[in-house]
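The values are calculated or read from the model by the stated rules, or taken from the named source; none is laboratory data. Not measured: the values here are computed from a predicted model. Positions of Cβ are backbone-derived with ideal geometry, glycine not excepted, and every protein chain shown enters the neighbour counts.
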Amino acid sequence: MKDLLIFDMDGVLTEVSESYRESIVQTVLHFTGRAITREKIQEYKNQGGWNNDWALSRKIASDLGVEVAYEDVVTRFNEIFLGSNGDGLITRERWFPSDGLLERLSERFQMGIFTGRLRMEADITLRRFAPSFPFDPIVCADDVLKGKPDPEGLHRIQASLPERRLFYVGDTIDDARSASAAGVPFIGIAARGHSRYDELVRLFSSENAIAILDDINQLENAI
């Protein structure tokens with residue numbers, strides 16, 4: 001019986017600085033006229049509780065003095081990110097795993113996903129980069145009532161596959177706290193070029209991460 005290796009998507013499987021992160025920048029600019037930096041976004045992310053990029057965009061706009069209805073933020077963000085039928089900034093994403101990595105890991109692990117993306121958003125990216133890879137289970141934002149850092153998604157996986165050891169790989173403090181709350185060993189991804197690298201490493205360490213890696217391609221030697 002294989003152990004479970006569960007991945008977050010953004011910042012772990014996919015590089016999203018020019019998709020989700022840029023969509024935050026453009027959404028905030030649209031409503032406030034102010035250009036924010038990627039480091040400012042990461043500053044909020046490191047505070048925890050901002051896994052939802054719609055809510056984060058609205059919070060940043062509010063902190064800049066502009067109150068915007070949540071529904072209006074969602075609409076504008078999706079116009080930027082998804083475009084028409086998936087031709088928006090989501091097309092700028094890159095796939096992190098090197099050729100053969102997932103296949104080699106799958107010899108040792110059953111591999112799934114727990115992401116803050118909607119199912120439709122996850123499907124677009126998986127069809128593009130890994131159309132034949134059997135990720136299972138896949139738990140998305142619309143599968144749970146409470147998003148990360150709440151552990152509901154990991155609890156769902158544990159309940160569906162009892163008596164299986166589970167590892168969670170993520171890149172934010174909300175990922176780490178979700179794993180901690182579920183009693184799941186956490187592996188943190190913190191890129192060396194990360195704008196707040198030292199702070200993120202300290203945060204992962206505070207949540208007892210069993211390993212902190214530069215990227216997913218170091219995973220084979222870490223577990």
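For segment 162-182, which positions are surrounded by fewer than 17 Cβ atoms within 10 Å (Cβ to Cβ) and either among the polar types (S, T, N, Q) or more than 25 Å from TYR44 (Cα to Cα) (or both)?
PRO162, GLU163, ARG164, ARG165 - these are the residues of segment 162-182 that are surrounded by fewer than 17 Cβ atoms within 10 Å (Cβ to Cβ) and either among the polar types (S, T, N, Q) or more than 25 Å from TYR44 (Cα to Cα) (or both).
For segment 1-104, give me every one of the helices (runs of 4 or more DSSP H) that falls completely inside it and has 1 or more residues that are among the charged types (D, E, K, R) and free of Cβ contacts under 8 Å to residues at least 12 places away in the same chain.
Those helices (runs of 4 or more DSSP H) span 53-63, 70-81.
Go through segment 183-223 and give me each residue that's assigned to a helix (DSSP H, G or I), surrounded by fewer than 20 Cβ atoms within 10 Å (Cβ to Cβ) and out of contact with any strand residue (DSSP E or B) (no Cβ under 6 Å at 6 or more places or on another chain).
TYR197, ASP198, GLU199, ARG202, SER205, SER206, ASN217, GLN218, GLU220, ASN221, listed by residue number.
Quick check: is even one residue across segment 1-9 touching a helix residue (DSSP H, G or I) at 6+ places or on another chain (Cβ under 8 Å) and of a type in the set (Lys, Arg)?
No; the residues of segment 1-9 include none that is touching a helix residue (DSSP H, G or I) at 6+ places or on another chain (Cβ under 8 Å) and of a type in the set (Lys, Arg).
Looking at ILE223, ILE187, ILE124, which is the one that is within 19 Å of GLU15 (Cβ to Cβ) and modelled with pLDDT under 95?
On the way: ILE223 fails: within 19 Å of GLU15 (Cβ to Cβ); ILE187 fails: modelled with pLDDT under 95.
Just one listed residue meets the conditions, ILE124.
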